[in-house]
Amino acid sequence: MICCGIDIGSVTAKGVLLEESKQIAGAIRFTGYNAGNAAETILQSLLEQAGLKQEQVDAIVATGYGRNSVNFADKALSEIICHAAGAHFAVPAARTVIDIGGQDSKIIRLKENGQVTDFVMNDKCAAGTGRFLEVMARALGTDLDGFGQLSLKSRTPAAISSTCTVFAESEVISLVAKGEKRENIIAGIHASIAARTVALANRVGVVPAVAMTGGVSRNIGVVRALEKHLNLPVIIPENAQLTGAVGAALLAQKGK
Amino acid sequence: MNSTEIIEKFRTAARDPFHCVRSLKKEKHCPVVGYTCTYFPEEIVLAAEAHPLRLFGESGMVLKADAHIQAYGCSLARSVFEDALSGQLDFLDVMAFPHSCDTMQRLSDIWRLNIKNTVHLDLLFPVHLKSEAAGDYLKAVLERFKKELEQALQTEISGSALSGAISLTNRIRSALHSLYRIRAAAPERISGSDLNRVVRGCMILDRSTAADLLETLADELGSVNFPAGKQPVKRLLLSGGACLHPDIHDIIEQQGGAVVWDDLCTGNRYFDTPVPDGPSPVSAIAERFLDRAVCPAKHSGIDRRGKELSELVSKYEINGVIFLLLKFCDPHGFDYPDLKATLEEAGVPSLFLEVESGKPVDGPTRTRVETFLQILNQQEPMT
C-alpha cells in the first residue's frame, strides 16, 4: 500500500510517500502565500521521485495549518496528531514530543502505543518559535544555518529578558551596540526559547524519552539549551522536519 | 410558533441584545437594570416591574476602556466597560454590580467614577458561602438591594410581586433544565450554538416571553421519541465562565462531538437549583444562591467544584471536558489546575482554551479543538 502525507506549515510545506513503512519519496518547499498550490507542487514532486501516478496512491492525509486547503487529500488531521504518530514511528520510546515550527510550538504527551494523551500549544504570540529565530538572525546579520553552531562557542550567554519577539529584537540590537559577542547573544536567544518551551512543557508534564520535531530541531543550539533546562537528553529523529508528514502518511495507511 | 421560529427569536436577541432591550423598553415603558454576573437577584428587579439585562460585552474593539483597565485585565470587564464608555448602554436606568470576583468589584468603582447617567448599585455578596453568617448576611444584602432599587425606581416591591417573580424565574430554570436534558439525550435535536443563544437570550428577552418560548420549545423538541441507541458522538462538557463564542460548538460538532452539559454561567450555573418555597421570598432567593452550582469567585468548600464537575461527568457520561476561559479570568484560571488534576485522576481527558470576549475563535483555537476531538476518536477506525 502506498500512502501520502502532506504537511502544510506556516513556513514550509512537506510531503512524504510511504510504501508500507518505507519512505519512498520526500519533499520540502516554502509554503508561500498559496497553501493549495504548495501542496500540489509537493505532491507532483513526490510522484516524480517515486515514478508513480496519483491514482497509484491509496490514501492521502493532509495536516498543518494549511491542511484544509489540500483539496486532493482524503482527510485532514491536526498537526498534533500527525506529529505524534510520526515521532512514535521514528522514536518508539518517546513519551514527550517537543515540536517547534515556524509560528507555533507544541508539547505532546504520548502513551506507549503512540496515542496522544495530552498536549499544549503556545498562545497567539510567536515568541519561542521558528519565526522568532528568523527575526533574531536578521537582527544579527547571520543566517539560520550557522545560528546553532555559533551559539555552541559561547561561554557566557547574554541575558534576553523579553519574551515578545519585537522587544527581544530591540534588546538584541542594544546588546550588539554594546559590543556583546554574537555567539553570546545567540546562546542567550536559545536559552530564552528553551526556558519558554520548558515552562510550556511543564503544564502537561515531561516524561522521558523526549523527542523533538519541527524545523527548529535542526538548530543544535536550541536542542542543547532544551537539554540543559530539562536535564534530559532530547532525541532528534532523522529528517525531523518531515515528522508531521510521515505521521500523516502513517495515519492515511491506518485509515485504509 | 415552531421550534425554528422560537430559536430564531433567541438568536436575534443574542446577536443584538441592546437593540432588543431598547425596543422592549420603548414598548413596555419599563426601566432597565443592567448586571454582570449570575449572582444577581433577577427576581427583585422583575418584582419592581423593571427589566433585568445581563451584559456580555458587545464591543469587539476596545478603544476607550484601555485608558481605565489594563490590556491584561478580564476581557469581559473591558468589553462591557467599552459598551458603557461608547454610549451603547445609555438606555440603562440602573447598573447593578454583584461583587462576585475582584475584577467586578473594581469595575464597579471605575464605572461609578466614569459613567454618570445611571443609578449605581452594589451587591456585596459573601465570599464564603458556607460560613455561619453567610445566610443572614446575604439576606440583608438582598433586602438592602430591594430597598435601594425601590428608591431608585420610586416604586414599592410587594411580597406577592416577589413571589410571582420567583415563580417566573423558576419556570425559566425548569424549562432550560428540560432543554439541557433533551440535548443530553439527543444532541441532534438542537445545536450547541443555538442552545447557548437560547440561554443568553433568557437573560436579554422579556422574561415572561422567554418562559413561554422556552416551554413551547422544550415541549416541541421533547415530543419526539428519543432514539433507542446512543448517538455516535463524543460527549463533552464545557466548563468555565461565560461562553460568548457559540461557534466553538460548531467546530466541536463538525468533528463529531457534542457538548451535552456545561458548567458555565451562560448555562448550568444560571438555571441550576430553583428558588425554594419559603415564608420569606428574599430568604428563599438567598438560600438558592448559597446552594446552587458554585462559581470559582466564591468559596463553598475546598473541593466542591471538583466534586460537582465529577458528578456532572459521571451523570451525563462525559468523554472529555473543555475548559473554556475568557482572557484573563483569574478565578477560573486559579481553579483550573486542580480541576484538571481531578479529571486526570478519574481518567477523563480535558482541554484548556482561552478566548477573548468580542473576538472570533482563531485558527490555533480551532486546531486545539479539532485535535482534542481527534484524540478522543483515536480508538476508532478512520472514516
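Observations
- Scanning the range B:281-305 for residues that are assigned to a loop (DSSP other than H, G, I, E, B) and surrounded by fewer than 17 Cβ atoms within 10 Å (Cβ to Cβ) yields B:Gly301, B:Ile302, B:Asp303.
- The lone criterion from (1) assigned to a helix (DSSP H, G or I); (2) within 15 Å of the chain's Cα centre (by Cα); (3) hydrophobic (A, V, I, L, M, F, W, C) left unmet by B:Ala184 is number (2).
- Answer residue from the range B:210-224, given it is assigned to a helix (DSSP H, G or I) and free of Cβ contacts under 8 Å to residues at least 24 places away in the same chain and is surrounded by the most Cβ atoms within 10 Å (Cβ to Cβ) among those: B:Asp212
- Residue in the range A:145-159 that is modelled with pLDDT under 85 and under 19 Å from A:Val223 (Cβ atoms) present: yes
- The one condition from (1) within 19 Å of B:His19 (Cα to Cα); (2) of a type outside the set (Asp, Glu); (3) part of a strand (DSSP E or B) that B:Ser79 does not meet is (3).
- Lone qualifier among A:Ala127, A:Ala201, A:Ala168, A:Ala194 - being crowded, with 19+ Cβ neighbours inside 10 Å, touching a Leu at 6+ places or on another chain (Cβ under 6 Å) and closer than 28 Å to B:Asp362 by Cβ: A:Ala194
- Taking the range A:40-123 and the strands (runs of 3 or more DSSP E) fully enclosed by it, no element has 3 or more residues that are within 9 Å of chain B (Cβ to nearest Cβ), over 18 Å from the mean Cα position of the chain (by Cα) and farther than 18 Å from A:Arg29 by Cα.
- Residue match in the range B:321-329 (condition: more than 28 Å from B:Pro126 (Cβ to Cβ) and not in a helix (DSSP H, G or I)): yes
- The range A:1-36, subset within 24 Å of A:Glu134 (Cα to Cα) and among the polar types (S, T, N, Q), residue surrounded by the most Cβ atoms within 10 Å (Cβ to Cβ): A:Thr31
- Only residues that are under 19 Å from A:Ser161 (Cα atoms) and in a helix (DSSP H, G or I) were counted in the range A:175-229, giving 28.
- From the options A:Gly128, A:Gly32, residue that is more than 23 Å from A:Ala252 (Cα to Cα) and not assigned by TED's automatic domain parsing to the domain that holds A:Thr163: A:Gly32
- Among (1) within 14 Å of chain B (Cβ to nearest Cβ); (2) surrounded by fewer than 24 Cβ atoms within 10 Å (Cβ to Cβ); (3) among the hydroxyl-bearing types (Ser, Thr, Tyr), the one test that A:Thr142 misses: (1)
- Flag for B:Gly192 being at pLDDT 95 or above, surrounded by 22 or more Cβ atoms within 10 Å (Cβ to Cβ) and touching a strand residue (DSSP E or B) at 6+ places or on another chain (Cβ under 7 Å): yes
- Looking across the range B:348-375 at every residue that is more than 10 Å from every other protein chain (Cβ to nearest Cβ) and modelled with pLDDT of 90 or more, the one that is farthest from B:Glu58 (Cα to Cα) is identified as B:Val348.
- Residue match in the range B:306-321 (condition: within 14 Å of chain A (Cβ to nearest Cβ) and among the hydrophobic types (A, V, I, L, M, F, W, C)): yes
- All conditions in (1) surrounded by fewer than 16 Cβ atoms within 10 Å (Cβ to Cβ); (2) among the acidic types (Asp, Glu); (3) in contact with a strand residue (DSSP E or B) (Cβ under 9 Å, 6 or more places away or on another chain) hold for A:Asp74, with the sole exception of (1).
- Among the candidates A:Ala252, A:Ala240, the residue that is modelled with pLDDT of 95 or more and either out of contact with any Pro (no Cβ under 7 Å at 6 or more places or on another chain) or away from chain B (no Cβ under 14 Å) (or both) is uniquely A:Ala252.
- When B:Phe56, B:Phe40, B:Phe10 are checked against the criterion of being in contact (Cβ under 8 Å) with a residue 60 or more places away in the chain, within 16 Å of the chain's Cα centre (by Cα) and farther than 26 Å from B:Cys101 by Cα, a single residue qualifies: B:Phe10.
- Of the residues screened, A:Ala126 is not one that is within 13 Å of another protein chain (Cβ to nearest Cβ) and not in a loop (DSSP other than H, G, I, E, B).
- If you check A:Lys178, A:Lys228 for being of a type in the set (Lys, Arg) and in contact (Cβ under 8 Å) with a residue 12 or more places away in the chain, only one passes: A:Lys228.
- Note on the range B:334-347: among residues that are within 12 Å of chain A (Cβ to nearest Cβ) and part of a helix (DSSP H, G or I), the one that is farthest from B:Met61 (Cα to Cα) is B:Glu344.
- Unique match (being in a helix (DSSP H, G or I) and more than 24 Å from B:Cys295 (Cα to Cα)) among B:Arg112, B:Arg144: B:Arg112
- Test result for B:Leu376, of a type outside the set (Phe, Trp, Tyr), under 20 Å from B:Ala184 (Cα atoms) and over 20 Å from the mean Cα position of the chain (by Cα): yes
- In the range B:84-105, residue modelled with the highest pLDDT [restricted to those that are among the charged types (D, E, K, R) and touching a helix residue (DSSP H, G or I) at 6+ places or on another chain (Cβ under 8 Å)]: B:Asp93
The values are calculated or read from the model by the stated rules, or taken from the named source; none is laboratory data. Keep in mind it's a predicted model, so treat the numbers as computed, not measured. Backbone-built Cβ (ideal geometry, glycine too); neighbour counts: all protein chains shown.
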